[in-house]
Amino acid sequence: MEINVTVNGTPHTADVEPRMLLVDFIRSTIGLTGTHIGCDTTSCGVCTVLVDGTPMKTCTMFAVQADGRSLTTVEGLKRNGELHPIQAAFKEAHGLQCGFCTPAMMLVGSALIEENPDPSEEEVRWAISGNLCRCTGYMNIVKAIQLAAQNSTTGGTAE
Amino acid sequence: MTTTEHAPKTSPEVCGVGHSRRRVEDDRFIQGGGNYLDDIELSGMLHMAIVRSPLAHAEILSIDTSQAEAVDGVVAVVTGDLLAQYDLAWMPTLSGDTQAVLATDKVRFQGQEVAAVIATDPYVARDAAELVFVDYEPLPPIVNPQQGLAPDAPIIRTDKEGKTDNIAYTWESGDAQATEAAFARAARVVTLETHYPRSHPSPLETCGVIADVDPITSQATIYMTSQAPHAHRTVFALVAGLPEQNIRIISPDIGGGFGNKVPVYPGYVIATAASLVIGKPVKWIETRTGNLSSTGFARDYHMKGELALDADGRILGLRVDMTSDQGAFYADAQPTKFRAGLFHIVTGSYDYPAAHVSATGVYTNKAPGGVSYRCSFRVTEASYLIERLVQNAAYEIGMDPAEFRMLNFIRPDQFPYRSPTGFVYDSGDYETALRLAMDMVGYEDLRREQEEARREGRLMGIGIASFTEVVGAGPSKDYDILGLKMFDSAELRIHPTGKGILKLGVKTQGQGHETTFAQIVAEELGIPAADIKVVEGDTDNTPYGLGTYGSRSTPTAGAATSVVSRKLREKARKIAAHLLEASEEDLEWEVGKFFVRGSPESSVTIQDCVFAAYTNFPEGMEGGFEDVDYYDPPNMTFPFGSYIVVVDLDPDTGVWKVRRMIAVDDCGVRINPMIVEGQIHGGLTEGFAMSSMQWITYDEDGNCIGSNFMDYLIPTAWETPRFELGETVTPSPHHPIGAKGVGESATVGSPAAYVNAVIDALAHLGVRNIDMPLLPDRVWETIRSHSGAEGEG
Amino acid sequence: MYPRAFDYLVPRTREEALEVLAERGSEVKVLAGGQSLIPMMKLRFASPTTLVDINRLPGLDAIDAVNGHVRIQALVRHNDIIRSDVVRAENHLMTSTAPWVADPLVRNRGTVCGSVAHHDPEGDWASVMLALGAEVVAESRDGGTRVIPIEDFLVDMFTTALEPTELLTEIRVPRYERGGGNYQKLERKVGDYATVGVATHLELDEAGVITKAGIALTSVYVRNLKVTEAEALLVGRAPSAELFGEAAAIAAAACDPTSDIRGSAEYKRNIVRVFTERSLAESASIAQGS
């Protein structure tokens, strides 16, 4: 089945099998490997991308369902060559270690800040509770998202 | 909060030891530029899916691959019989046992590898895997070591000729006679029997491999999720009989390891064999179910510990009997000499003359493993047992658990301290760490609050763990894996312009080696850390080393980095003398430059010296500026700390919540405090996970419960407590920069603190043990079985 | 993990969807949020030969208050409930439940109606709808529109009264004046199914007497369980701790949990009692304040 999907602002047309998972489409067909796979049961969230601005687990969607939609992956966070505030904040606050969950965490964080420019610690923890991290204990991920929120509001950069 | 201020010796520009340098690897990770195994695509690459046993114990009567082979896109179906033709049906484990690559005679655990399908597409490989039909004759499964030791138990390892029982190993440590004597004169003996349940490191990236054997040159390039690429190259050479120079292991970015990526797994071997035969690259990416149900588990120790106390509450001796559940193959990744890892560190932070540990490993119909899950070879189990025991001992003698520890701690003036099981602790100051933790948490106030709460019928508890770890394996006289001595290495080359490359035998998996190891060079040579590129994980381009696990990178490769930098500093000194026309003895070193004693204006920078090493070196000197060091540590390092957890417990539901978690760590000198704290946060979370929810169990038929993230529970940000960190610094006297390693301290130390807190909330009811994980139902059942009982606490 | 191959149909109108169901109902599976179905397909526990994706159907995503009920249409996602001013103003129990369904990402995709139609007895929404006395609306090409009381709709574990030719188009929840409700869920972690879930809903008259009561339980019976005996006990009485204790005891006796990895039957029964008592107290307190 032929589908048209916009990924990070670039339109793509592809012929895919209906059973192809959206995450495999992004990784294999489009070739953007910043979106990862970590489980079989919709539990870990490392495959999260923004679908029309909303974070979703792409291991639990078929590529055909993204027909006509616009996706933002980690590769699309940068704007005009500048890091997104969430990217700068993750580095500044040491919000990552192995980096495997990081793209998803940043996308969820960026969507949260869009909706809630000044999230409390509890709100951040709740918002990222569909995403697992094995390295950081979440402490610095929470800090990074709050720092990004602060820097987005003030227009400052994290560094 | 810290007890001591550590002003770094170097400027922020140089960024040596002590700076919270932001991580250089982050630039790629935050932009989706990480290069993990599954991100690698090779031309003509095939995909492999593994067929696994649904049964825990069964004879294989036949395997029918014909339907699978007929599927469009399937290139080959591999079985154990096929591998046997290449002598690859079995492989050695890291503990010197053997393990089936693909089962030929019988399956020995649910999830065991039985066949593999190689196809042009991963979806097709999975389709065809369903069409491999295996005819099994079920055998009675053994699902715990007690069953395995029963006299009439079926023998699991029928492959081992003459094997008449299910014992994988027996081992002991310490002095049995002296321990008996200590118990004979004890005023009181405190006993704890507890199970440290089976767990799994389950990094978010599963294991995987791309084997690319060139049919013309026979060059095997094996991309692998490996924490120990050099050791794996040697194992591959031994197992597959490939000439070692033709094997190149590349371990790309790793999405977490935690010990899971230390062993060699059947999937790696099958893919390599398939690539060798087919002549095309073969990729295998493990499913999460495969990861949890077949690759290296951790823990699963059934422990009985006894403490002998004198009338004043001083510990006289410790006796431990431990039975480990090894699964179907004895595959602990651990030093050869120690059959139960470094479990004999179980004497802990306390001073007493006698201890004895006996251990029995038992085969069961469960997945093999026994990996060091964020732990230096079974230290986690040991630390848990002793910290639970001392807490219970305090209750039994009516002493505050903190006071009991203070009374029995090894004192600072006793270091180096020889433990009753033979370790020589390098340095420590346990009382200071505990005092700091108590101050941070407000210990006395909490104890008063607890008394009040009990009067009101509320339940709250305060749990302490004052752990001592042993890490940094290890000195070559005692430590090897499969005969390979556990040294590690660093190769440093500074280019003419003063910027260079550091190559290491270890392999980062999130610990930030690219950042921190450059800081060690910066510290030693004064060359800015930003000018040093760190390379790991490619066996063709890095010096030999045993890899990253057991908190060994800083104690071994970190030391090697320091030493190789110092070697080069001595070369620079000779060049400086030449450039300054002074004698070497008259030169003084300060960060980044040499100057003539008494005339500081007469100086050359390290960069000047490096440039001269290529352009203007003294006659008779070798040109260039590079060296290598293979570092054989003189001793292990012994990080320690004190953790205090405060919990509130709902007696109606058994639900407990962490109110405070204080962690005071002493890992010696901190190379990068930001990264150290991040490591501690992660470890405290894994400790919380194990104490509260994360475990793998098996039903009576040997079905694995915990083979996916719906059943194997990993806490999210919502459940995970907030952590408050403190620090003391007691440098390691034998490490070149005084560092000890920290990647695992918090996983090792914290489970006992969480559990002790819950037990403490219930101690007045007489509760002394709940086996982990402390799920609400277990806590509630415990309260119910103790309600009405007179407590002693 | 990859699903087996299937045919994929994506109707653009409701008529087209009903046509497909009428012609091929027995062999197709409707795909809404897919957050239960797709994981089962990936593990190959479910392998429908044809999927009918209803996500492109227009006019199926409304949450509104009309004709005495709050209407939740088939494509309303769990997080739409959290964001909905209508739900926040109209229904305490739904407001209280939505944040604890699955996890935040699954809530962006999974639907309330899909969860009810799936009828996993460990699902939260079916209990909520039982406690609220909701109605399920099913449409088909040949049968027109059926309005089915939720008790009749939920037949057995993974089984409902929905015909293969029918599409569940909306759920209707009765509006109320003076009432309150809340959901108590014991889960081991975010994203876990409930060990036990208790949904309660109370409506009071001006004198503060209970005029309507709903109690339903999650994960402690072969289906989501409405505790009618306890509900009947409450109606006509004034809220009190003692009364709620009695109702909780009835609920605990009515359920039939199984012992498993989440706890013994006895433990779960205890949680039903504790949570029913707590939930009723909370619902009464909300109702009294409204």
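Read-outs: derived from the displayed coordinates by stated rules, not from any lab. Since the structure is predicted, the reported quantities are computational estimates derived from the model, not experimental observations. No Cβ is skipped: glycine too gets one built from the backbone with ideal geometry, and neighbour counts run over all protein chains shown.
Some points to look at:
- For residue C:185, the lysines whose Cα falls under 25 Å of its own Cα, not counting residues fewer than eight places away in the same chain, are A:57, B:657, C:212, C:226, C:268.
- Pair-distance distribution of the range C:238-284: all C-alpha pairs, bin width 10 Å, starting at 0; shares per bin in whole percent are 31, 46, 20, 3.
- Per-pair calculated FRET efficiency, R0 = 30 Å: residue C:288 and residue C:88 via Cβ, rounded to 0.05: 0.95
- Computing FRET efficiency as 1/(1 + (r/R0)^6) for residue B:399 and residue C:232, where r is the C-beta to C-beta distance and R0 is 56 Å, gives about 0.50.
- Cα radius of gyration and Dmax for the range C:37-114 (Å): 14.3, 43
- Alpha carbon centroid spacing (whole Å) that separates the range B:222-270 from the range B:352-407: 32 Å
- Translational D in µm²/s for chain C (Stokes-Einstein at 4 °C, 1.567 mPa s, Kirkwood Rh from C-alpha pairs): 67 µm²/s
- Taking amide H as placed 1.01 Å from N in the peptide plane, residue B:534 has its amide H under 5 Å from the amide H of B:502, each at least 5 places away in sequence or on another chain.
- Pairwise alpha-carbon distances in the protein assembly as shown exceed 49 Å for 31% of all pairs.
- Cβ crowding within 10 Å ranks B:640, B:611 as B:611, B:640, fewest other Cβ atoms first.
- Rounded to two decimals, the Cα-based Rg/Rh of the range B:257-344, with Kirkwood Rh, is 1.21.
- Exposure proxy shown here: for B:387, C:135, B:113, C:229, the number of other Cβ atoms within 10 Å sets the order, fewest to most, as C:229, C:135, B:113, B:387.
- Peptide B:152-163 is shielded by partner chain Cβ atoms: per residue, an average of 0 of them sit within 10 Å of its Cβ.
- The Cα-based radius of gyration of the range A:85-154, divided by its Kirkwood radius, gives an Rg/Rh of 0.91.
- Equivalent-ellipsoid semi-axes for chain A (Cα gyration tensor, √(5λ), whole Å, largest first): 27, 17, 13.
- Between residue C:16 and residue A:114, the C-beta separation translates, for a Förster distance of 41 Å, into a calculated FRET efficiency of about 0.75.
- Under the Karplus curve 6.51 cos²θ - 1.76 cosθ + 1.60, θ = phi - 60°, whole-Hz ³J(HN,Hα) for the range B:408-413, x wherever Gly or Pro sits: 9, 4, 5, 7, x, 6
- Distance between the range B:718-781 and the range B:467-517 - C-alpha centres, whole angstrom: 28 Å
- Stokes-Einstein D in µm²/s, Kirkwood radius over Cα pairs - the range C:60-207 at 25 °C with 0.890 mPa s viscosity: 159 µm²/s
- Here the 3J(HN,Hα) profile of the range C:276-289, calculated from phi with Karplus coefficients 6.51, -1.76 and 1.60 at θ = phi - 60°, is 5, 4, 5, 5, 5, 4, 5, 4, 5, 5, 5, 4, 5, x Hz, Gly and Pro shown as x.
- Label positions at residue A:122 and residue C:240, each projected 7 Å from the Cα along the C-beta direction, are separated by 3.4 nm.
- Based on C-alpha pairs under 8 angstrom that are at least 6 apart in sequence, chain B has a relative contact order of 16 percent.
- Evaluated at q = 0.17, 0.22, 0.24 Å⁻¹, a Debye calculation over the C-alpha positions of the range C:7-53 (equal weights, vacuum) places log10 I(q)/I(0) at -0.47, -0.74, -0.85.
- Rel. contact order, % - alpha carbon contacts under 8 angstrom, at least six apart, chain C: 16 percent
- Rounded to the nearest 500, the helix-only mean residue ellipticity at 222 nm of the protein assembly as shown stands at -8500 deg cm²/dmol, with each DSSP H run of n ≥ 4 adding -39,500 (n - 2.57).
- Entry note: chain B has Rg to Rh equal to 0.99, where both radii use alpha-carbon atoms and Rh is the Kirkwood radius.
- Shape class of the range B:500-639 from the Cα gyration tensor (axes a ≥ b ≥ c, square roots of the eigenvalues): prolate, since a/c reaches 1.5 or more and a/b is larger than b/c.
- The GNM of chain A, with springs linking C-alpha atoms under 10 angstrom apart, assigns the highest mean-square fluctuation among A:39, A:59, A:47 to A:39.
- Listed residue (C:228, C:218, C:179) projecting farthest to the positive dipole end of the range C:179-289, Cβ model: C:218
- Within the shell of other residues whose beta carbon sits under 13 angstrom from the beta carbon of residue C:161, the net charge comes to -4, with Lys and Arg scored +1 and Asp and Glu -1.
- Put a dot 7 Å past the Cα of residue B:165, heading toward its Cβ, do the same for residue B:628, and the two dots end up 4.6 nm apart.
- The equivalent ellipsoid that matches the C-alpha gyration tensor of the range A:2-76 spans semi-axes of 17, 14, 11 angstrom, in descending order.
- Across chain A, the relative contact order, built from alpha-carbon pairs under 8 Å that are at least six residues apart, equals 24 percent.
- Mean-position separation - Cα centroids, the range B:549-612 and the range C:70-102, in angstrom: 68 Å
- Relative to the current alpha-carbon distance between residue B:43 and residue B:98, full extension at 0.36 nm per residue lengthens the span by 16.4 nm.
- Entries of B:9/B:593; B:366/B:485; B:567/B:593 with Cα pairs more than 22 Å apart: B:366/B:485
- For the pair residue A:54 and residue B:588, label points projected 7 Å from Cα toward Cβ lie 7.0 nm apart.
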